Each structure stands twice: as structure tokens, then as C-alpha cells.
Amino acid sequence: MAEVSVTKDAAPAADELVALKNVNKHFGALHVLQDIDLTIDRGEVVVVIGPSGSGKSTLCRAINRLETVESGSITIDGKPLPQEGKELARLRADVGMVFQSFNLFAHKTVLENVMLGQVKVRKVEKAAAEEKARALLDRVGVGTQADKYPAQLSGGQQQRVAIARALAMDPKVMLFDEPTSALDPEMINEVLEVMQQLARDGMTMVVVTHEMGFARSAANRVVFMADGRIVEQATPDEFFSNPRSDRAKDFLSKILHH
Amino acid sequence: MNVLLDNLSLFREGFIGTLELTGASALVAMVLGVIIAGFRVSPVPPLRIFGTLWVTLLRNTPLTLLFLVAFFVVPKVLFPDLDSFLLAVCACGFYTSAFVAEAVRSGINTVPLGQAEAARSIGMTFTQTMRMIVLPQATRTVVPPLSSIFIALTKNTAIAGAFNNVDLFNVSKTLSNDGYDIAVIFLWITLAYLIVTYAINGLFRLLEHRLEVAR
Ligand SMILES: Nc1ncnc2c1ncn2[C@@H]1O[C@H](COP(=O)(O)OP(=O)(O)O)[C@@H](O)[C@H]1O
Ligand SMILES: [Mg+2]
């Protein structure tokens, strides 16, 4: 796996796909994102890790503006996030998002879930959209479930459909917010395998997860967050074997003893 | 002499008048109500404010007052030539739209936030998200309160009868002026209203049942 330089200015600017500069956000009195600087290069897989409440979800959601930020800039492929409206919708189509709770459209079949965005947002012909949807469902291993409703599927299957739904938009980058945290243990791997394959195929990914196996095998970089700050960034090997900050050492000792 | 048989055509006219007023007002209320509910959950602050104002103003004004405004202020200040049916439909429709909007909004609130977030995250606009994802899932919770709202509307159209519209209430006024026994008139008029409200009730029961089966 390619070593990725952690120094911010090392990567050529042309390869920056997502760039957050000096981003701040409050929830009331809580300073949930504090001076966040983070760049993600094309094809890079970044795992975000940190204690609960440290702002990982908020960071993830800020990247496609499901949360607004108060200051700083967020750019995707060189374009700053626009204000709410058509422009923003267009940009969001380029940023896939996978949620902890799947959020499949409950009143639509699995196939419709994966077709809807293609047809309504990308304006793809129905037949072409269906073909692509079926191919994607096969790719994530739920092709036989196409005509079922989300509630009829297991959590692992639902999450794989959610990944297919996001992929159907041909996103430039995929955001995963704890995609396996709501799953029963035996279903975690089937989802991680799909994600690992995606990483191998060169997808740019931001993954909030505590799955260290995934981080070690698929991530180019681990970003450790605590209390709304990025405390440490390193390659997975460096981070897990030799964390520099006390916060990271403390956190790792807690999750490793489980 | 029999009130009903002697005046069958007048009764029919009144019955149809009430039906037309109710139907047209319900349509106006439904369309406006959904739009206003959309405004109230929209990401655009001016629309939210407009929606809130609309609901607050119309829900808290006595309908009779709205009729007075519609029939005496609107023709003088804005449109002099609107006919009384149109004015009545506007008054009833606008008034009821505030209640519909609140029912729809509470339905929207029962749909998990994640549904709308997922829709937005694949690039759907606010209107697409509402129309294709949120409203269809809100329908089941919105239908039962809508039934009550439209029954109330049916009865509220009686006020239009006091403002130059031929409806059941207007007919009862005419007949009592003609000297018929008021108790008997009211009996028949009440029965006619019951037919309309009962039909609405049945219609919504059917709708509820079909939505349950669809799950
Ligand atoms: N919509 C919200 N309103 C108020 N506080 C919030 C909201 N969302 C998250 N928070 C708070 O912000 C902090 C960071 O949340 P989050 O980004 O979800 O953390 P993480 O994903 O790392 O667990 C938490 O303390 C949480 O309670
Ligand atoms: Mg979280």
C-alpha cells in the first residue's frame, strides 16, 4: 500500500479532492469542530477515529453540508460548498454518504432505492438506471433481494444496499459514518468486505469507524479526533503501534482491551 | 304539506351547493395546506416565516370574520367582481388550509429525519425530497386527522349560506322564511349534512384501509 505523506503541503494541489480549512462549528455552547484542517487526496482512504462525541459525525456531515459550518472553507474538487439550493444538490450527488442507520427509503424497493437518484437527479433513462442498479446490487452481493423492501432485509444487507445506492450516483468521494456500528457482529464483515473492495478499486473514502482491522488493511491514513479537534494524523501502522498523543494512547488502550 | 316533497328541487340545489362549496374548498385547502406545510419545514427562512404567519393568522381567526373580510373588504380593496361562490371557497379554503398544513406537518415530523437526509445526500432538491420521500411516508399519519378537518369544513361551509350562496343552510333560511315548521326543516337539513359528512368519513376509512394494506 502506498505511503501517504501526512504533511499538509506535500501533496500537489491538483490531487486534493476534499479540503477543509480552518473549519469551526458550534452546537450552542459546544465547540464541536475546532479549527479543522484536513485534506483528502483523490483515491485516498482516510479513517477517522476517536471517542464518542468528539465530532466525527459532524465532520463527516459537514463535508456534504448536511451540517453547516460557521467559519472556514470546505471545497470539493476545488469548488467551495454552495449555499442551500440546486447548486448544493448537484454537488451532493457527487458525494456519496453511508449512514450508521442505513436510511434506505422505507417505501421503495431495494431496486427503486438504487434507481431513484439516477433517474431523478442524474436524469438517466429508466432502463439504463435499472441495469446499473442491478449490476451494483450484484456487486455488493444483494442482487437477489432487488424486489424486497428494506425492512425485509438484514442490517448487513441493508447497509450494502445503501452503499450501492450511493455508488449509483458515481460519486467522487464516499463518506461512511460508522457504517457497521448498528450491525450484529456476524454482519460486520460482509459490509467491510464491500468497503475494502471499493478501496482497492481506488474510491476516495472518508470512513468513521472503530474497526481497526479495516483501518489497518484499507486506510492510507488515520485521523484521530478528540473534543472537536484533529489531534493526530498518521499511517495506520504508525498510529496503532506508536501513537504520539496521550489522548490517542488513552483511547487505544480502551478500545484494544475490549 | 311536506317540507321536503314540496321543495325537493330547492333541497337538491342546496345539497349540491354544499357539495360544491365543500369540494372546491377542500381542494384549495389540500393544495395550499401541503404547500404551506412544505414552507414550514423548508430550509429557506422567509418561506418558514410566511408559513408560520399563514397558519397562525388563519387558524386563530374566526371563520365568520374571514367571511366578512372576503365579502366586504376584498371586493372594495382588491377585486371588485369576484362572485360569491369564489369568495366563499377562498374563505373556507384558506381557513381550512391552515389546519391541513398542521396535520401534514405533524405527519412530516413522524418520518425519520434520516430519510430526508439520505435523499438530500444523493442530490435530491428539497422539493424532490418532500414529494418523493417524505410526503408519501407521511400520508398514513395524515389521513385520519384530515378526515376530521374536512368534516369540520363541510359544516363550516354553512357560513357561506349566510353570505348569498345557495347551500343547505341557505335553503333552511329560505324555507323558514316561507313559514314551514323550523323543527322539521332542521331535521331534513341535518340529515343532508349527515349524508355528506358520513360520505367523507367513509371515503377516508377506505383510504386508511388501502394505505394499511399497501404496507
Ligand atoms: N444536532 C445537534 N445538536 C446539538 N448537539 C449535537 C448535535 N449533533 C451532535 N451534537 C453534539 O456534538 C457532539 C459531537 O457529536 P458527533 O459529531 O455526533 O460526535 P461523534 O460522531 O464523534 O460521536 C456531541 O457532544 C453531540 O452531543
Ligand atoms: Mg457519530
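Name every residue in the stretch A:133-162 that is closer than 19 Å to B:ALA119 by Cα and basic (Lys, Arg), in order of residue number. Across the stretch A:133-162, the qualifying residue is only A:ARG160.
Could you grab me the full set of residues in the stretch A:36-68 that are in contact with a Ser or Thr (Cβ under 9 Å, 6 or more places away or on another chain) and more than 16 Å from ligand 2 (Cβ to nearest atom)? Those that are in contact with a Ser or Thr (Cβ under 9 Å, 6 or more places away or on another chain) and more than 16 Å from ligand 2 (Cβ to nearest atom): A:ILE40, A:ASP41, A:ARG42, A:GLY43, A:GLU44, A:VAL45. The set of residues in the stretch A:201-246 that are out of contact with any helix residue (DSSP H, G or I) (no Cβ under 8 Å at 6 or more places or on another chain) and free of Cβ contacts under 8 Å to residues at least 24 places away in the same chain comprises A:ASP201, A:GLU238, A:SER241, A:ASN242, A:ARG244, A:SER245, A:ASP246. Within the stretch A:120-152, restricting attention to residues that are within 14 Å of chain B (Cβ to nearest Cβ) and small (Gly, Ala, Ser), the residue that is surrounded by the most Cβ atoms within 10 Å (Cβ to Cβ) is A:ALA133.
Scanning the stretch A:205-219 for residues that are more than 16 Å from ligand 1 (Cβ to nearest atom), crowded, with 23+ Cβ neighbours inside 10 Å and either within 14 Å of chain B (Cβ to nearest Cβ) or within 23 Å of A:ASP15 (Cβ to Cβ) (or both) yields A:MET205, A:ALA219.
With respect to (1) assigned to a helix (DSSP H, G or I); (2) surrounded by fewer than 20 Cβ atoms within 10 Å (Cβ to Cβ), the lone exception for B:LEU175 is condition (2).
This table checks each residue for (1) aliphatic (A, V, I, L, M); (2) under 25 Å from A:GLU193 (Cβ atoms); (3) in contact with a His (Cβ under 7 Å, 6 or more places away or on another chain).
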site	(1), (2), (3)
A:THR68	no, no, no
A:SER73	no, no, no
A:LYS79	no, no, no
A:LEU91	yes, no, no
A:GLY96	no, yes, no
A:VAL121	yes, no, no
A:VAL124	yes, no, no
A:SER154	no, yes, no
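Among the numbered conditions (1) within 16 Å of ligand 2 (Cβ to nearest atom); (2) within 14 Å of another protein chain (Cβ to nearest Cβ); (3) of a type in the set (A, V, I, L, M); (4) out of contact with any strand residue (DSSP E or B) (no Cβ under 6 Å at 6 or more places or on another chain), the only one that A:ALA93 does not meet is (1).
Of the helices (runs of 4 or more DSSP H) lying entirely inside the stretch B:63-138, those containing at least 2 residues that are within 14 Å of chain A (Cβ to nearest Cβ) are B:84-110, B:113-121.
The one condition from (1) among the β-branched types (Val, Ile, Thr); (2) under 12 Å from A:MET169 (Cβ atoms); (3) more than 7 Å from every other protein chain (Cβ to nearest Cβ) that A:VAL110 does not meet is (2).
Filtering the stretch A:177-199 to residues that are of a type in the set (A, V, I, L, M), in contact (Cβ under 8 Å) with a residue 60 or more places away in the chain and within 16 Å of ligand 2 (Cβ to nearest atom) leaves only A:ALA182. Note on the stretch A:153-187: residues that are more than 27 Å from A:LEU17 (Cβ to Cβ) and open to solvent by 10 Å² or more (accessible area, probe 1.4 Å) total 11. The residues of the stretch A:28-42 that are assigned to a loop (DSSP other than H, G, I, E, B) and within 16 Å of ligand 1 (Cβ to nearest atom), listed by number, are A:GLY28, A:ALA29. Of everything in the stretch A:164-199 that is small (Gly, Ala, Ser) and within 12 Å of another protein chain (Cβ to nearest Cβ), the residue that is nearest to ligand 1 (Cβ to nearest atom) is A:ALA182.
Could you tell me whether the stretch A:142-163 includes any residue that is under 25 Å from A:ASP41 (Cβ atoms), away from ligand 1 (no atom under 16 Å from the Cβ) and among the polar types (S, T, N, Q)? Looking for residues that are under 25 Å from A:ASP41 (Cβ atoms), away from ligand 1 (no atom under 16 Å from the Cβ) and among the polar types (S, T, N, Q), one finds none in the stretch A:142-163, hence no.
The values are calculated or read from the model by the stated rules, or taken from the named source; none is laboratory data. The structure displayed is predicted, hence computed values, not measured ones. We place every Cβ from the backbone using ideal geometry, glycine too, and count neighbours over all the protein chains shown. Accessible surface is based on the protein model in full, side chains and every heavy atom, while ligands, DNA and RNA are left aside. Shrake-Rupley method; radii C 1.70, N 1.55, O 1.52, S 1.80 Å.
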